[in-house]
Every structure is written in structure tokens, then in C-alpha cells.
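Heads up: the structure comes next, in C-alpha cells.
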Amino acid sequence: MRAIVHDQANAAREVGRDAPRDGRRDASRDVSGEVRRLRAQLERVQGRSLDAPVLPVHPAFTSLLPGGGLRPGAAYSLSRSTSLLTALLAAPSQTGTWCGVVGMPELGAEAAERAGIDLSRLVMIPDPGGRWLAVTSTVAEVLPVVAVRPSTRAADGEVSRMAARLRDRGAVLLVQGAWPQAEAILELDEPRWAGLGRGHGYVSGREVTVTARSRRWPSPHRQRMLLPGAEGQPVALRPGVRESVEPLPMPIRAVG
């Protein structure tokens, strides 16, 4: 009888020793499962995997964009700068991505090509009229990257439907102007021009500070750069360094 009781006590102690470890393993499994569940839920809401690759951008912009590139399914709000827009379109175009530009009649093929955009993968719709958002939404059905300059303010419902379309198709929207729930907002300030006389002459370079704000960051990111540089491409500048550049073969009025 004493032997049986002794064996039962030993068994109880073994169970007692194993119980906390099993409890910890169970808790760990619970936490891991909850993380997976929340991740899946977030990905369903955003319409994309959090590990999905981003579209490439010029190295001057990698520190200014969450994930280092343009995230499929997201919208970006930009200053009304042609140079900024074409610089962001260039790298995706060069890697085989089709791009569309809606509502920018002043953007010509020569300026786009000089910025590095592959014209064979560029669709331009200069004047969409009052249905600019419907046209942009249709273009986003078939092209991975679409840029637009809104001619009017979009209603909240239209913005929500556009966001759903972007998530569904995995397209990127670049908006020259304000846009709700933008992945990032890119603005230009502190411009410094070189090569100008008294209101005339040719531009030899333009330095600007590009400031990026995102809900994913606690504070803005900034990068000083030439936009455009001598060859039409952006050039990131180190703090306190000024680059010498060759004259650009374009009058000042053609640079945005």
C-alpha cells in the first residue's frame, strides 16, 4: 500500500513539474496563433501581404518611402512637381512596369524620356475631363502604376472605392495633391537654383529638400538632392555638400 501511494506521489510531482512547461508552451502557442490571426486580418484589410515586394525607386528616394519603394495597393500624395513625379516613375518603368499619367497635358514625351521613363511602357491621357477619377480607376485596372493630377476634389465615397480598387489590383497611385490615407506624403522645399541670370538663362541645377511623412514613422524623413540632376536623374546629396553640375539643355520654365 505504501508503495502504491509513493508511486502516485512521484507521478503527481512529475505532473507538477511538467505542468508549468506545458502551460508556457500553450501560452506561447496561443500568442503565436494570435499574431498569425491578426496578421492575416490586417493583410485582408490592406489587400496585400505585409511581406510583398515593393516596386523599385531611384536610390535617392529609398529612405523616403516606407519599405524603400512603392508599395502595391497604396496611394502617395506628392507636391505638384513634374521632376518629382517623373523621378518616381522612372525606376518602375525601367524594370518593365507599365505606367500611366492622367491629367497632365504639360508633361511631354521628351521630358519623360529625359527623366529615364521608358516611353514604350508609358500611357498618357492628357485631358480626362471632369471624369478624371473614373478614368484613373479604369487605368488602374490594367496598369500597375498610375499618376494623376486631380482637377476637382474627390468625394469620400469615391476615395474609398478607389482605395479598394488599388488593393484589389495591387496598383500604385501617385497623386499630385492631397489624398486621404496616403501611404506617404512627399513635399519639396528649400529650392536653390544655379545657372540663372537676371530672369533668363539656363538652369545648371536645382537643389531641393524632399520631406516624406508617413503614418508608419514617428517623425518626417528628409533628403537633400538635385532634382533634376545634370543627366535628368535625381542625385542624393550628403549634408553640407554641394555638387557641381553641367548645364541642363532646357529653359527654366520647363523645370517643375
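Ligands, DNA and RNA left out, the accessible area of the stretch 51-141 computed with a 1.4 Å probe is 54% carbon and sulfur. Between residue 221 and residue 95, the FRET efficiency from the beta-carbon distance, with R0 = 25 Å, is close to 0.60. Per-residue extension of 0.36 nm, minus the Cα-Cα distance of residue 113 and residue 168, leaves a gain of 16.8 nm for this segment. The modelled label-to-label distance for the pair residue 181/residue 131, using points 7 Å beyond Cα in the direction of Cβ, is 2.5 nm.
For a Förster distance of 41 Å, can you work out the FRET efficiency between the beta-carbons of residue 161 and residue 63, rounded to the nearest 0.05? Working shown, then result.
Numbers: r = 32 Å, r/R0 = 0.79.
Taking R0 as 41 Å, the efficiency between residue 161 and residue 63 is 0.80.
The values are calculated or read from the model by the stated rules, or taken from the named source; none is laboratory data. The structure presented is a predicted model; accordingly, all values stated were derived computationally and were not measured. Glycine also receives a Cβ, built like all others from the backbone with ideal geometry; neighbour counts cover every protein chain displayed. Note: accessible area is taken over every heavy atom of the protein model, side chains too, but ligands, DNA and RNA are not part of it. Shrake-Rupley method; radii C 1.70, N 1.55, O 1.52, S 1.80 Å.
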